[in-house]
Amino acid sequence: MKIIIFLNERRKALRLSLSLWACTVVLVLIAALAAYLFNQGSIYLEKRITEGELQALEDVKADTDTALNAMVGRLSLLQSHVMRLDALGARLARMASVDDMEFDVENPPGIGGPHTMVSNDTQGSSDFDFLISLNQLEQALEDRQDKLSALETMLMERSLQDQIRPLGNPAEGGWVSSLFGYRADPISGKKEFHLGVDLAGRSGMPVTSVASGIVTWSGPNQGYGNLVEISHGNGYVTRYAHNKTNLVSVGEKVEKGEVIATMGSSGRSTGAHVHFEVLRGGRHVNPSSHISLQ
């Protein structure tokens, strides 16, 4: 077998004469070399792709770790807020004098469940613990929200009741000169039933409302002299009589402790004082339980 190899463009050639056996060996070597080069190229390409994928995975893992660390930090901050809510709730519960277990904000709500097997993988365990902490925090926030909302409603209702329930001193600095019940009338001397409590003082002393409400009368009213009548809701009405001057008008809203008149001796009276009455459901009640002389 002859093999002709052209050496340049001038058609100079090298003629080799090989036997069939030698030619077969050469072809086998060429085929082996080509296969080797192709295999090396494939390995190199696969290696390049694998390294790229590994780098991408490392980048994703780094970003995930950063995000997880930020979430853990945020979780710690939220847990500190829950502790502040616990302290606030405990103070509110003491202020409201609540002894019921439902408002024991310092104790967590009862939770539980069967034990479950988890992986021994450290990262998986850490992620699982984080999810448990997040779930517990969510439950704690829901529990505190419900309890604090109930406390808020209770305190608001109690504050409203305190504002509209007659309790206070209509004549600060005055003194009780006549009680509720039967007495000798100071003008006629006859035995009569006194429908209120008299608080004596100096002429011109301020007369204040013992509860919030709406003025339903302001002006002269027979033996009452200058009378202020206030409706407080829940069937409560208070009256302040014998005033020197009334300072409020019918339909006006007054607050607890607001000055509504000045003390005087108008009407059927022997001296400067305020005649104080309390009605509940249209019936007179003893004002003594509604007067605070402290």
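Here are a few things to note about the model shown:
- Residues whose amide H falls under 5 Å from that of residue 177, counting only those 5 or more places apart or on a different chain, are 198, 199, 200, with hydrogens built in the peptide plane.
- Sum of side-chain charges, residue 254 neighbourhood, beta-carbon under 14 Å (Lys, Arg +1; Asp, Glu -1): -1
- Net length gained if the chain between residue 132 and residue 203 were fully extended (0.36 nm per residue, minus Cα distance): 18.4 nm
- Per residue, in Å², the accessible surface of segment 233-290 once ligands and nucleic acids are set aside, probe 1.4 Å: 45 Å²
The values are calculated or read from the model by the stated rules, or taken from the named source; none is laboratory data. Worth saying up front: this structure is predicted, and the values here are computed from it rather than measured. Backbone-built Cβ (ideal geometry, glycine too); neighbour counts: all protein chains shown. When the accessible area is computed, the model is the full protein with side chains, heavy atoms only, and any ligands, DNA or RNA have been set aside. Shrake-Rupley method; radii C 1.70, N 1.55, O 1.52, S 1.80 Å.
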